[in-house]
2 protein chains.
Amino acid sequence: MPEELEEDAVLGLMQDRPLVLPCIFHRAERYFGHKNVVTATAGGTVSTSTVSAVCRQVRQLATAFDTLGIGGDARIGTFCWNTEQHLVLYLAAPCTGRVLHTVNIRLFPEQIVYIVNHAADEIMFVDRSLLPVLWPLADQLSTVKYFVVIDDGSAEEIPDSPRVVQYDQLLAISEPYEGDFVIADENAAAAMCYTSGTTGNPKGVAYSHRSTVLHSLAALAADVLGLAERDVVMPIVPMFHANSWGLPYAALLTGTALVLPGPNMSPEALLGLLAENKVTVTAAVPTIWTSAAPLLDDYDLSALRLVLSGGSAVPKALSQKYLDVIGIPVTQVWGMTETSPIATVCTPRTQHSGCSEEERADAHARQGPPVPLVDLRVVDPGTGAQVPWDNDTTGEVQVSGPWIARSYYHSDDHNAAFTGDGWLSTGDVAVCDRYGSVLLVDRSKDLVKSGGEWISSVQLENEIMAHPKVSEAAVIAIPHDRWVERPLACVVVKAGESLTVEEIVEHLESRVAKWWIPDGVEFIDVVPKTSVGKFSKKTLRAQFENYRFPVAETS
Amino acid sequence: MPEELEEDAVLGLMQDRPLVLPCIFHRAERYFGHKNVVTATAGGTVSTSTVSAVCRQVRQLATAFDTLGIGGDARIGTFCWNTEQHLVLYLAAPCTGRVLHTVNIRLFPEQIVYIVNHAADEIMFVDRSLLPVLWPLADQLSTVKYFVVIDDGSAEEIPDSPRVVQYDQLLAISEPYEGDFVIADENAAAAMCYTSGTTGNPKGVAYSHRSTVLHSLAALAADVLGLAERDVVMPIVPMFHANSWGLPYAALLTGTALVLPGPNMSPEALLGLLAENKVTVTAAVPTIWTSAAPLLDDYDLSALRLVLSGGSAVPKALSQKYLDVIGIPVTQVWGMTETSPIATVCTPRTQHSGCSEEERADAHARQGPPVPLVDLRVVDPGTGAQVPWDNDTTGEVQVSGPWIARSYYHSDDHNAAFTGDGWLSTGDVAVCDRYGSVLLVDRSKDLVKSGGEWISSVQLENEIMAHPKVSEAAVIAIPHDRWVERPLACVVVKAGESLTVEEIVEHLESRVAKWWIPDGVEFIDVVPKTSVGKFSKKTLRAQFENYRFPVAETS
């Protein structure tokens, strides 16, 4: 090591240990092999495995990839629910130098075809229960040499094709690889995930080994998720979406037990798993927590210490409901596919001690300050100048950090997302308080521009959803001759309840400025959702394309 | 970015954000400026400052270094207690590209001279109260252009010399640097610390920016220290020793309040600070906790959630005393200057739930499993082969990880410490249980080799110290004609108590194997300590160089 003998060269003299996923694999195998990995299958049974068994399958797949002639840096597609085998693939692809490519099973067929071809996946692993979605597209997926079917207890027929291999049979003929996994370059891609986006084709985000290890380590921090070996973690957020918020890797790094809920997303199934396995940490989008809220009383959830929600803002009333029934609020996490995804977490801070209940509820409604190694700024979309952190001035949130994307995979279509000085433009509009805690007010494209002022559709929705008879509400902008745009509220009434437009307007009058009150309220059966469970404003806007407000307008 | 347009190159596409200390500085300044930094001064007063004020001083020193003509990669020596200004230097040196060099104020004068000259410090910051130690050596410190005196309220005379500058006066003429601090190479040295070692000259460990940021992030993990913004951290372990266990950087990364105890190490002063500032996390060597134990009842320590101890093993009885009086045990941290220093932490694990009180006490007596990103192995010192993790077979502990040293600074004298395959040989002898949790049994050089078997001096000491009338005990090996070596116990009796050799032997008979019972017991006034507060076996061995056991020997 010549540098240490050379005068004037002052380098650190630390061991050269790249930040790569084999660190997580070998740690899990060596220290946490005895920990449980529980999977609820499509067949309705619950199977209990161990980290040791997961690691053994990883070693077997390492051999199998070579046997099947899969390229040394191939993309490995997955088309799976949250299961033990999906966890195996989370490790087997990157630890052998390949790239895990989790495909969102809820995308439209043409989007699935686009992204599998764009990533040029060489092999795809598919849950047997999902064959009816994927197999009809097989002819269009020309780069895929093999479809490996994971038997999840479903009865779907397995196609008789030379391209189809069964996971169990593949493992049965594959001896475990015996050495240490070595990845020399921590900047190599470890995983990919496509964001369905709002316009144009889906865009791929390529996570590096380094970014994934750092994100996992940060997730263990007390003011992030604070995962400890004693935790039992159940990621409800799909493993095909933004790394399941990094939970699988973080869990393996610190040795938690894992509960993987499989395909049954009914609130009864999920709450049953949480109770039976004494889950301490769980994570899902707000629609899951909304559907589970009325049933909380029926389950013993006393082991839960952290209920995470992200993907869209959590209505204050929902968080309060959890606080009232199970003693902990819903904790918000904010991020996106491009941010690995954890960028902010709303953990309690010193400034909240001594708060009133109302102030604390307001605090829980925030997305929180950025986690360690992530920085943020809020900029005026027009001038690009930073706006003050006065909890009042809105602007677009931009983020920076070692696990934030700098470009999209093989794409030139990303000018809007990345700033000239290397930050990510998130498209989310927010205010910041003096502590750097984010409160999202809207997606930039979902703001209602009324008479030169902005109305936050998210804030309006939250206030409407605070009405005890409202199940869901979405607000969209409708063109308006005088004010340019005015808000329309699309409201879902709780089953068995009835509600009038007047009641909603009256409810809002004490809660928002007069000029925020929607000019129209329409009752709908359900708010349409995107493939990742968010309100699909795009679908709603199409549905109300020719909508005209009633005659009695705001004047 | 050519790689993203090139087919087959699969690199992650994440922002290029080096892991450098400016990340911690800017985060602290931006998000935690309002947090308190409390310092107890040599003058006896307690001053309260803020992170903002600390950051402003960092920016002023950045200007001052340039004004004084300090080289761009100079080593910046510090000769200070734990104070606000020392914290400023922890940031100012590395954020400006220089290297923080913390000098152990308790070393012998010739060691101080050796270290400062070996590191070639260009400037030294010294507490006014420590001038009598450092200034007499100034003539021998030829690389040091300036001594900057930090006024800590002491009355020591400030030398009238062109080499002497006063900290406050320097700041008064230095405008704060206004830009962002940029360090391009995360492998550059950020800080240095010399380990006094046991033979030969002190050896320098050079921490990189990368290793320090990773170590800080890991410290936040729930199964490491779990530091959160709401914590109030008081590092008693000196900032001149192994980065004060990384607490200052970790605290700034997550925004805790800090309490810095200055020079008064009396148990009354320390316990007073802990109580008055509602400290939640504190850290010191076992001798501090031993001296504080009898006084615990007199202070309100209800805010404490984590009492960390490291540097040497914690007697079981001591940890139990803390558990009994303040409701939490002493938590052991294991590491050394070469390991940044955190390598293992003994946090409670799943396997401990349902333990009996006795089993739990045994668990607290361990040093624990390695923290995330650190790996360990226990090897037979003779063959180098790994020994089984059966909690019985002893071997030397070797460690690996991104914050573990790979060599010493400008030194060829490190063959024994580093293995051929890039691991650190720690010189500590331990057993591991099946979960990889370390239990130290001795330093390899402190084992007593009796008749071909090893006796652990540490275990013997712990058993002797469990006697209610014993304050401290150290065991050393004495040459023996028949058994090669046999143990001698040097015992300090608690003030006001009296004790006989027979009582100690009787106490041990039910606790250790018969052949472990020391052949001699000597009562001494105090166990000599090293500069970092550990038992100095070297001094004891010298003291008992010509010792002969009484005639009635083990046969």
Just to be sure I understand, how many residues within the stretch B:448-469 are among the small types (Gly, Ala, Ser) and farther than 14 Å from B:ALA430 by Cα? 4
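Here's the yes/no breakdown for (1) touching a strand residue (DSSP E or B) at 6+ places or on another chain (Cβ under 9 Å); (2) at pLDDT below 95; (3) outside the structural domain of A:LEU217 (by TED's automatic domain parsing):
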| residue | (1), (2), (3) |
| --- | --- |
| A:THR254 | yes, no, no |
| A:VAL279 | yes, no, yes |
| A:SER312 | yes, yes, yes |
| A:LYS321 | yes, yes, yes |
Would you check if there is a residue in the stretch B:224-239 being more than 14 Å from chain A (Cβ to nearest Cβ), under 28 Å from B:ASP362 (Cα atoms) and touching an Asp or Glu at 6+ places or on another chain (Cβ under 8 Å)? no
Among the residues of the stretch B:523-535, is there at least one that is of a type in the set (Gly, Ala, Ser), in a loop (DSSP other than H, G, I, E, B) and outside the structural domain of B:ALA430 (by TED's automatic domain parsing)? yes
Filter the stretch B:1-49 down to the residues that are under 20 Å from A:ASP421 (Cα atoms), modelled with pLDDT under 90 and at the interface with another protein chain (Cβ under 9 Å from one of its Cβ atoms) and list them by number. B:MET1, B:GLU4
For a quick check of your reading: which strands (runs of 3 or more DSSP E) sit entirely within the stretch A:439-495 and have at least 2 residues that are buried (at least 22 other Cβ atoms within 10 Å of the Cβ) and either under 25 Å from the mean Cα position of the chain (by Cα) or at negative phi (or both)? A:470-480, A:484-493
Are any residues in the stretch A:373-390 surrounded by 14 or more Cβ atoms within 10 Å (Cβ to Cβ) and β-branched (Val, Ile, Thr), and if so, which ones? A:VAL374, A:VAL378, A:VAL379, A:VAL387
Is it the case that A:ILE524 is on the phi < 0 side of the Ramachandran plot and in contact with a His (Cβ under 9 Å, 6 or more places away or on another chain)? no
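Residues are listed down the side, and each one gets a yes or a no for (1) surrounded by 24 or more Cβ atoms within 10 Å (Cβ to Cβ); (2) farther than 21 Å from A:GLY12 by Cβ:
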residue: B:ARG56; (1), (2): no, yes
residue: B:LEU61; (1), (2): yes, yes
residue: B:GLY72; (1), (2): no, no
residue: B:ALA92; (1), (2): yes, no
residue: B:LEU100; (1), (2): yes, no
residue: B:ILE105; (1), (2): no, yes
residue: B:ILE112; (1), (2): no, yes
residue: B:GLU122; (1), (2): no, no
Quick check: is even one residue across the stretch A:295-316 among the basic types (Lys, Arg) and either in contact with a helix residue (DSSP H, G or I) (Cβ under 7 Å, 6 or more places away or on another chain) or crowded, with 19+ Cβ neighbours inside 10 Å (or both)? yes
For residues in the stretch A:39-48 being surrounded by 20 or more Cβ atoms within 10 Å (Cβ to Cβ) and in contact with a helix residue (DSSP H, G or I) (Cβ under 8 Å, 6 or more places away or on another chain), which is farthest from A:ASN264 (Cα to Cα)? A:THR39
What is the number of the single condition among (1) hydrophobic (A, V, I, L, M, F, W, C); (2) outside any strand (DSSP E or B); (3) in contact with a helix residue (DSSP H, G or I) (Cβ under 7 Å, 6 or more places away or on another chain); (4) within 14 Å of chain B (Cβ to nearest Cβ) that A:VAL399 does not meet? (2)
Answer yes or no as to whether B:GLY427 is on the phi > 0 side of the Ramachandran plot, in contact with a strand residue (DSSP E or B) (Cβ under 8 Å, 6 or more places away or on another chain) and within 11 Å of chain A (Cβ to nearest Cβ). no
Evaluation of A:ARG434 against (1) within 25 Å of A:LYS203 (Cα to Cα); (2) charged (D, E, K, R); (3) without any contact (Cβ under 8 Å) to a residue 60 or more places away in the chain (one fails), failing number: (1)
Which condition does B:ALA251 not pass, out of (1) over 26 Å from B:VAL475 (Cβ atoms); (2) in a loop (DSSP other than H, G, I, E, B); (3) within 14 Å of chain A (Cβ to nearest Cβ), if it passes all the others? (2)
Within the stretch A:258-289, can you find the residues that are in a strand (DSSP E or B) and either of a type in the set (Ser, Thr, Tyr) or touching a His at 6+ places or on another chain (Cβ under 6 Å) (or both)? A:THR282
Return the pairs, sorted by first residue and then second, in which the second residue is of a type in the set (Gly, Ala, Ser) and crowded, with 23+ Cβ neighbours inside 10 Å, the first residue lies in the stretch B:366-377 and is at the interface with chain A (Cβ under 9 Å from one of its Cβ atoms) and outside any loop (DSSP other than H, G, I, E, B), the beta carbons are less than 7 Å apart, and the residues are 6+ apart or on different chains. B:PRO370/B:ALA343; B:ASP375/B:GLY401
Over the stretch A:185-208, the set of residues away from chain B (no Cβ under 13 Å) and either surrounded by fewer than 18 Cβ atoms within 10 Å (Cβ to Cβ) or small (Gly, Ala, Ser) (or both) is A:SER196, A:GLY197, A:THR198, A:THR199, A:GLY200, A:ASN201
From the list B:SER211, B:SER161, B:SER174, B:SER216, exactly one residue is free of Cβ contacts under 8 Å to residues at least 60 places away in the same chain and either under 30 Å from A:ALA218 (Cβ atoms) or away from every other protein chain (no Cβ under 11 Å) (or both). Which is it? B:SER161
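Test of understanding: among A:ASP121, A:ASP73, which residue is closer than 24 Å to A:GLU157 by Cβ, of a type in the set (Asp, Glu) and assigned by TED's automatic domain parsing to the domain that holds A:ILE150? Quick ask: steps written out before the conclusion?
Details: A:ASP73 fails: closer than 24 Å to A:GLU157 by Cβ.
Answer to the check: A:ASP121.
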Give the number of residues within the stretch B:402-438 that are part of a loop (DSSP other than H, G, I, E, B) and either among the polar types (S, T, N, Q) or over 24 Å from B:LEU373 (Cβ atoms) (or both). 9
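The values are calculated or read from the model by the stated rules, or taken from the named source; none is laboratory data. All of these numbers come straight from a predicted model, not from anything done at the bench. For neighbour counting, all protein chains shown are included, and Cβ atoms are generated from backbone atoms with ideal geometry for every residue, glycine included.
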